[in-house]
Amino acid sequence: MGKKLQKESIHVLLTVLAALLSAVTLHVFVYKNNFAPSGVDGIATMVQALTTLNAGIVTLAINIPLLIVAWKILNKKYVIYTLLFTFLSSGFIMLLDYINFPQYEAMYEKVVAAVFSGLLLGVRTGIMIRLGFSTGGIDIIAAVFQKNRSHINIERIISIICYVITALSYFVYWDLGAILLSIIQMFVFEKGVALLLSDHRDAVAFHIITKEPEKIKEDIIYNLKHGATVMESKGLFTDAESYMIISIVNKRQIPEFISIVKKHKDTFMYYSDINGVSGNFRWKKDDIVK
């Protein structure tokens, strides 16, 4: 019970942190620089620019109906934490406006605001996704569709919605530069999300086709300090029996791995980057698994 409470406490703390990061980023880098982020944040930003109604109130007004629908369809814990994030981030936005917290208002280098807001909002979203929750808005719509209409390419629909919101920002700011800043912000945003979701351990997957796997086995295990998976295979053209060795190694070991494979004749090899590694991936055979 203690571990469960500790885990929930960490989740709450990180949700508060993500909400604060979201509010500060929007208040400092977005609202004074005449461009709209993607999603509900963008809609709230444009409504605030047109009506002076605080973006935090607009965000709440949009998210609450979505969360009511989500409560009936999605996991309750997911909805509760998303609701917590929504109320906190909206509250922080209103608080920062009330206390006149400093804002970055660029005269010429507005791209700086787009880059920093994209990165920080991406980190915010990445935190919530890693926890298994969301920042609300379009993420809720995506989760609902994936629950009931898994065959629909929801990512494409979300992209279209985001670009429509970006296009509409022209009619708010009457400036093509606003659209370009929004596109830059979206690009950096995706990189920020990826930064939080990646495993942070650089690795590559080697696939080796050979007729003599035992000769390569010793080099992989004792020289590279890695394991491998061996599968039987057959040549499509020759029908010749062979084996496929799959091994995950650190990027710094690429040259060493290539030199090992080159020692063995009649061996075909290719390798590619992988996004993350989990489980028994160690430098030394007696290392503790992380």
Single residue of the range 78-99 satisfying the filter (open to solvent by less than 60 Å² (accessible area, probe 1.4 Å) and of a type in the set (Phe, Trp, Tyr)) that is farthest from residue 64 (Cα to Cα): 92
Every residue from the range 59-112 that is of a type in the set (A, V, I, L, M, F, W, C) and farther than 21 Å from residue 23 by Cα: 68, 69, 70, 71, 73, 74, 107
Looking for something at pLDDT 85 or above, crowded, with 16+ Cβ neighbours inside 10 Å and either part of a helix (DSSP H, G or I) or out of contact with any helix residue (DSSP H, G or I) (no Cβ under 8 Å at 6 or more places or on another chain) (or both) - is there at least one such residue anywhere in the range 154-163? no
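Is it the case that some residue within the range 83-92 is β-branched (Val, Ile, Thr) and within 22 Å of the chain's Cα centre (by Cα)? Break it down stepwise before answering.
Just the residues of the range 83-92 that are β-branched (Val, Ile, Thr), to begin with: 86.
Now drop any that are not within 22 Å of the chain's Cα centre (by Cα), which leaves 86.
Within the range 83-92, one or more residues are β-branched (Val, Ile, Thr) and within 22 Å of the chain's Cα centre (by Cα).
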Here the residues within the range 168-212 that are closer than 30 Å to residue 255 by Cα, more than 25 Å from the chain's Cα centre (by Cα) and either open to solvent by less than 20 Å² (accessible area, probe 1.4 Å) or free of Cβ contacts under 8 Å to residues at least 24 places away in the same chain (or both) are 206, 208, 210
Would you call residue 57 surrounded by fewer than 23 Cβ atoms within 10 Å (Cβ to Cβ), touching a residue at least 24 places away in the same chain (Cβ under 8 Å) and not charged (D, E, K, R)? yes
Being assigned to a helix (DSSP H, G or I), surrounded by fewer than 20 Cβ atoms within 10 Å (Cβ to Cβ) and in contact with a helix residue (DSSP H, G or I) (Cβ under 8 Å, 6 or more places away or on another chain) narrows 40, 16, 47 down to just 16
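The values are calculated or read from the model by the stated rules, or taken from the named source; none is laboratory data. Computed from a predicted model, the values in this text were never measured in an experiment. For neighbour counting, all protein chains shown are included, and Cβ atoms are generated from backbone atoms with ideal geometry for every residue, glycine included. Note: areas computed on protein heavy atoms with side chains; ligands, DNA, RNA excluded. Shrake-Rupley method; radii C 1.70, N 1.55, O 1.52, S 1.80 Å.
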